[in-house]
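Everything below concerns the one structure shown next.
A short reminder: the numbers here are calculations on the coordinates, not readings from a lab. Model, not experiment: these values are computed from the prediction. Every residue, glycine as well, gets a Cβ built from its backbone with ideal geometry; the counts of neighbours run over all protein chains shown.
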Amino acid sequence: MVSIRQKLVSVTQATKVTNGKNNARKYIVVHETDNTNTGADADAHARLQINGNSRDASWHWQVDENEAVQSFEHFWACWAAGTFTGNNQGIHVEICVNRDGDFNKALQNTASLVAKIMKEENIPISKVVQHNYFSGKNCPRNIRAGKVSWATFLQMVSNANSVQPEKPIPDSKKYRIQTGTYNDRKVAESVVEVLKTRFGWIAYVEQNGNNFRVKTGTFVGITAAQNAENKIKTARLAQVTYILEA
Ligand SMILES: [Zn+2]
């Protein structure tokens, strides 16, 4: 995962260099800064935006080999695409290309960030595009030159997505509860009656030689089964109980 930090531009400044707060957030747009100067990393570009960019330009994120820095909340319609649609529908991410940086690591961090934004904003991979998609500009330059291909970058995004922690798989095994034996069928039947009417379960009597025991219908997951077993014990319906895999 890429480390993330906010260094937000003030609302006063944001109002001057954006189309306002109605960004439709349909695309994630990938750029490169084209600034190869030593020290032109993510923090430097974030400072540039905070201090009032000399150009009429703005973008949401800048990423280098160490971190991703956010300058604008996604609802701001930043001026980065060169077209009305791109500016009003895009979340813009700039990859730093400073010569003292590690471009491949910056690319990997950008892929992680893009994957994160896709999830948060519900944007599909088909809407992750290059700046070039909107205005025809040669941006992101190194990717377009094939230093790392666009297809490879999109694969990195997909991989970054798939390594997110997954939800635990629910226990779908089925279990039933069986009681110890009763020597009177009527006692067993009265227990079944309680399980059916009070607990709303399925239950039946099973004969075992001259004795009788009660079995329940199935419960999904060991936790549900243990809860059911506890209910039987708490109600003092059986002295002994077992959990069986169904
Ligand atoms: Zn660009």
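For GLU32, the residues whose amide H sits under 5 Å from its own are ILE95, ARG141, ignoring neighbours fewer than 5 places away on the same chain, with H placed 1.01 Å from N. Exceeding 25 Å between C-alpha atoms, which entries from my cross-link table qualify? They are LYS16/LYS116; LYS21/LYS105; LYS7/LYS119; LYS119/LYS174; LYS186/LYS231; LYS105/LYS127. Table pairs above 25 Å Cα-Cα are LYS16/LYS116; LYS21/LYS105; LYS119/LYS174.
Basic side chains Lys and Arg get +1 at the Cβ, acidic Asp and Glu get -1 at the Cβ, and with that the dipole of the range 14-65 about its Cα centre reaches some 480 debye.
The Cα atoms of the range 174-245 define a convex hull whose projected area, averaged across directions, is 4.1 nm². For q = 0.15, 0.16, 0.20 Å⁻¹, what log10 I(q)/I(0) does the range 84-218 give under the Debye formula with an equal point scatterer on each alpha carbon and no solvent? Rounded to two decimals, the profile gives -0.81, -0.88, -1.14.
Shape call for the range 1-144 from the C-alpha gyration tensor, a ≥ b ≥ c root eigenvalues: rounded (a/c under 1.5), prolate (a/b greater than b/c) or oblate? Rounded shape, in that the Cα axes give a/c under 1.5.
Across the chain, the convex hull enclosing all Cα atoms gives 185 Å³ per residue. Packing around the peptides 104-115, 192-203, 29-40, taken as the average count of other Cβ atoms within 10 Å per residue, puts them in this order, highest first: 104-115, 29-40, 192-203.
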